[in-house]
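What follows is one structure encoded as structure tokens, with my remarks underneath.
The values are calculated or read from the model by the stated rules, or taken from the named source; none is laboratory data. Bear in mind the structure is a predicted one, so any value in this text is a computation, not a measurement. Here the Cβ positions follow ideal geometry from the backbone for every residue, glycine too, while neighbour counts run over all protein chains shown.
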Amino acid sequence: MLGSIVGLFGLFLLFQTVTLRLQFSVTDLDIYRGEKLLRRFPYQEWQNWQIFWSGVPILFYFREIKSIHFLPILFDPKTLKTCLEERCPRT
């Protein structure tokens, strides 16, 4: 049972990783699926961000003024952290 759950979660992460693309602009984090823009998150509305489980990078969290977001996706934690610190440094 547990193996099935972990396997399904792994397939979900694989799907997210293959289909989603994060693009860091000067003012926003844009999330694309293929060529279609799904969401735009202006950095000026961010209050905090965190990368969970950097050894097995599967969850990226950020909080905006009005909402909280968890992005389950496989990623390179060093590259993501560098991009976030350049564009949206923690206070």
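Candidates in the range 60-91 are the residues that are exposed (fewer than 11 other Cβ atoms within 10 Å of the Cβ) and basic (Lys, Arg); of these, the one that is modelled with the lowest pLDDT is Arg90. When Leu74 is tested against (1) in contact (Cβ under 8 Å) with a residue 60 or more places away in the chain; (2) touching a strand residue (DSSP E or B) at 6+ places or on another chain (Cβ under 9 Å), just one condition goes unmet, and that condition is (2).
The residues of the range 42-58 that are part of a strand (DSSP E or B) and surrounded by fewer than 17 Cβ atoms within 10 Å (Cβ to Cβ), listed by number, are Pro42, Gln47, Asn48, Gln50, Phe52. Within the range 46-70, which residues are within 9 Å of the chain's Cα centre (by Cα) and farther than 25 Å from Val6 by Cβ? The one that is within 9 Å of the chain's Cα centre (by Cα) and farther than 25 Å from Val6 by Cβ: Phe62.
Could you go through the range 15-25 and let me know if any residue there is modelled with pLDDT of 90 or more and surrounded by fewer than 12 Cβ atoms within 10 Å (Cβ to Cβ). Yes, that holds for at least one residue. Could you tell me which numbered condition Ile5 fails, if it satisfies all but one of (1) surrounded by 15 or more Cβ atoms within 10 Å (Cβ to Cβ); (2) farther than 25 Å from Thr82 by Cβ? That leaves (1) as the condition not met.
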